[in-house]
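Everything below concerns the one structure shown next.
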Amino acid sequence: ANAIWMSESARPLFDRSSSQRETGSEAWEQGLHPDDRERVKASFRAVVQDGGTLWTEEYRFRKFDGSYAYILDRGHIVRDANGVAIRAVGAMMDITERKQSEEISARLAAIVESSEDAIFTLDANGVITSWNPGAQRLYGYLAEEAIGKRTAMLTPPERADEEEKILLDI
């Protein structure tokens, strides 16, 4: 009771010992990042107490080397005939790279959104696919008005013949 069995691939998250195949659930709890610990434990307890059978959480987990990995943890609560939780079977997946990519994307999006410069993207056909507030200020069109339209809407009529050349040069 109160033990965790782990595969060879999970062992680096918990300890260095290749001979130890079980560890106490306290090791898992202590590995939870302090800012995530109570939330994760509470969500697990809630599923067990409410009679649920599926549990999923994303959290940070301290690896044996002291660094933290972002984890996607999914568990199935096994219950006896009376509905009492007797075991949890699950898997921890390291999603650190995905989370880091999401953070970078969010930072870049924030930069584009807060820029005073007009920044917009086009598809291969010259159709506007994104439009920041700077573009709205410069050109006077809301994002809803510009996205999905060709860049010709931004070209003065007397220079319409230049749009195709400009797009070819991109």
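Every read-out reported here was derived from the displayed coordinates using simple, explicitly stated rules and does not represent laboratory data. Predicted model, so just to flag it, every value in this text is computed and none were measured. Note that each Cβ is placed from the backbone with ideal geometry, even for glycine, and that neighbours are counted across all protein chains shown.
Which chymotrypsin sites (Phe, Trp or Tyr not before Pro) does segment 29-113 hold that lie in a coil by DSSP with at most 15 other beta carbons within 10 Å?
64
At 0.36 nm per residue, and after removing the present C-alpha to C-alpha distance, how many nm does the segment from residue 96 to residue 58 gain when stretched out fully?
On the way: separation 38, 0.36 × 38 = 13.68 nm, distance 1.05 nm.
Length gained between residue 96 and residue 58: 12.6 nm.
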Query raised in the report: Once amide H atoms are placed 1.01 Å from N in the peptide plane, what residues at a sequence separation of 5 or more from residue 52, or on another chain, have their amide H within under 5 Å of its amide H?
Result: none
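At 0.36 nm per residue, and after removing the present C-alpha to C-alpha distance, how many nm does the segment from residue 38 to residue 79 gain when stretched out fully? Before the final figure, lay out each step's value.
Values: separation 41, 0.36 × 41 = 14.76 nm, distance 2.39 nm.
Net length gain for the segment: 12.4 nm.
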Report task. Please work out how much length the chain gains when fully extended from residue 144 to residue 119, using 0.36 nm per residue of separation minus the C-alpha to C-alpha distance, in nm with one decimal. Result -> 7.5 nm
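At a Förster radius of 30 Å, what calculated FRET efficiency corresponds to the Cβ-Cβ distance of residue 45 and residue 7, to the nearest 0.05?
Numbers: r = 25 Å, r/R0 = 0.83.
Rounded to the nearest 0.05, the efficiency is 0.75.
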Query raised in the report: Where the centre of each part is set by its Cα atoms, how far does segment 50-75 sit from segment 95-143, in angstrom?
Result: 32
